[in-house]
Amino acid sequence: MPKHNPRHSGYILYVIIALSGILYVAIGYFVPRYETAFLLSLYIVLFGGYLILYYLLKADIKTGIFAAIAFRLLLLFSIPALSDDVYRFIWDGRLLASGINPFDEVPDFYIIQDLGIPGIDQSLYANLNFTLHHTMYPPVAQFTGWVAALIASNSVFWSVVVIRTFILTADIGSIFLIRKLLEVYKVKKERVLLYALNPLVILELTGNLHHEAFVLLFLLLAILLLNRDKQVKSAISFGLAVGSKLIPVIFLPLLISRLGIKRTVVYGLVMAGVTFILFIPFINEQLMYAFMSSGSLYFLKFEFNASIYYLIREVGYWVKGYNIIQSAGPWLAAITVAAIVLLAVTDWKRKMKLPEAFMWVLLIYVAFTTTLHPWYIVPLLAFSVFTSYRFPLVWTMMIFLTYSGYSADGFSENLYIIFGEYFVVYGYMLYELIWYNRSNSMKQNAISGSY
């Protein structure tokens, strides 16, 4: 047999890193989301390169992390092409910089009234989505937009760079926290590269500027601090996660079996206090209305890339003859809460490590939601690296296919693509649950001294 030549592996490594960098630049700077065939082809090649890089860099984690950071830096000066959320961050930030509460009015109000607010103009307005609805972004997102407005009040480009600097810093922080927590849980440290090098993570956080970067950063820090018995600091970090996006409150029931009822109540109060402090600059009579309006919009009108809900919707069409989202949405939310509580109760004896427990809770949420954008599953992938389950990794490949719905004329979901996505992801998950040897996971769960 011919001997293995490490020099050849080195050549392959550098070629794939260079090719991946070119693909990130192409997707980040040159390919609009409606160029479906080209966009998906590039992503599939990029994802294949990611898997090869992980294999080649398992023994050289530092180089892997360096490459992951370099890929992110390549996107520093790109304008998000796959999502337009950043324009609302900029809009809200400019209102704040002018002393106006962004929760008070919908964008249409400011365009119709023409109040002469710096930066609040027709050119920015034209890029907004949901101009008839109140903002739904919590204080951390508002903060990044506000700083961007202070630094670059008249430039969308430099506002994007400022916001990206925040998100890039948070994402890099998550990489190092994952590596630290892998040591705490005595899991192979190379698994950090499953997150750090993942194309969906890089494109959706650093590329498309989604604030899941902050949610994940603060949740990982909360878990690390909890393992160090610094419960108050952990609760503060948890509150910052909620202030980034309200979803993390679904993880609170998992703490009861680990901290006890009394300490969980204290933990929850500290978390709630931090969240309240973050909201203080926005508190007025309009805030609750704005959140109720946004919440109603999310649960009763939004629908994108859903799994269980789409099945229920089809039954509704068959039985009722119309879209039943307004009745199905609240019921699905109630089922989600009940399922999470049930998981927390059944976990009382097993006491999974928190990242794995978070993974299952988040899976419940995304399975029953009516809206599942690609960036929503980034934390799911991060939590999965502490386990033996790889269905979230498979999902980061499959969910990108949902961008196939965009065209130059608008958006129309391809239900065949969505069916294929969930067939593969849920099928692989069932395979892992039923057939995969979980002895390593069970050993990790048996380690004492860690939450």
Residue within segment 349-368 that is at negative phi, of a type in the set (Ser, Thr, Tyr) and modelled with pLDDT under 95 present: no
Residue list for segment 379-424, filter: assigned to a helix (DSSP H, G or I), over 24 Å from residue 338 (Cα atoms), touching a residue at least 60 places away in the same chain (Cβ under 8 Å) and under 21 Å from the mean Cα position of the chain (by Cα): 382, 393, 396, 397, 399, 400, 401, 402, 403, 404, 418, 421
Qualifying residue in segment 388-401 (condition: buried (at least 23 other Cβ atoms within 10 Å of the Cβ) and within 14 Å of residue 251 (Cβ to Cβ)): no
Yes/no for residue 255 being more than 18 Å from residue 344 (Cβ to Cβ), within 23 Å of the chain's Cα centre (by Cα) and surrounded by 20 or more Cβ atoms within 10 Å (Cβ to Cβ): no
Residue in segment 76-93 that is outside any helix (DSSP H, G or I) and either charged (D, E, K, R) or without any contact (Cβ under 8 Å) to a residue 40 or more places away in the chain (or both) present: yes
Selected residue [among the charged types (D, E, K, R) and free of Cβ contacts under 8 Å to residues at least 60 places away in the same chain] from 58, 62: 62
Answer from 26, 59, 18, 70 - the residue that is of a type outside the set (Asp, Glu) and at pLDDT below 95: 59
Residue satisfying all of: in segment 302-344; free of Cβ contacts under 8 Å to residues at least 40 places away in the same chain and part of a loop (DSSP other than H, G, I, E, B); surrounded by the fewest Cβ atoms within 10 Å (Cβ to Cβ) among these: 321
Yes/no for residue 91 being crowded, with 17+ Cβ neighbours inside 10 Å and either at pLDDT 95 or above or out of contact with any helix residue (DSSP H, G or I) (no Cβ under 9 Å at 6 or more places or on another chain) (or both): yes
Residue count for segment 113-148, restricted to those that are outside any loop (DSSP other than H, G, I, E, B), in contact (Cβ under 8 Å) with a residue 60 or more places away in the chain and over 21 Å from residue 213 (Cα atoms): 0
Filtered residue count, segment 129-148, keeping only those that are in contact with a Pro (Cβ under 6 Å, 6 or more places away or on another chain) and either buried (at least 18 other Cβ atoms within 10 Å of the Cβ) or closer than 21 Å to residue 246 by Cβ (or both): 1
Filtered residue count, segment 129-180, keeping only those that are modelled with pLDDT of 95 or more, under 23 Å from residue 98 (Cβ atoms) and polar (S, T, N, Q): 5
Unmet criterion (only one of (1) part of a loop (DSSP other than H, G, I, E, B); (2) among the hydrophobic types (A, V, I, L, M, F, W, C); (3) surrounded by 19 or more Cβ atoms within 10 Å (Cβ to Cβ)) for residue 100: (3)
Test: residue in segment 277-299 that is closer than 20 Å to residue 235 by Cα and free of Cβ contacts under 8 Å to residues at least 60 places away in the same chain: yes
Unmet requirement for residue 297, which otherwise passes all of (1) over 23 Å from residue 226 (Cβ atoms); (2) modelled with pLDDT of 95 or more; (3) of a type outside the set (Asp, Glu): (2)
Residue that is nearest to residue 98 (Cα to Cα), among those in segment 256-268 that are hydrophobic (A, V, I, L, M, F, W, C) and in contact (Cβ under 8 Å) with a residue 24 or more places away in the chain: 266
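The values are calculated or read from the model by the stated rules, or taken from the named source; none is laboratory data. Just so it is clear, the structure is predicted and the values come from calculations on it, not from any experiment. Note that each Cβ is placed from the backbone with ideal geometry, even for glycine, and that neighbours are counted across all protein chains shown.
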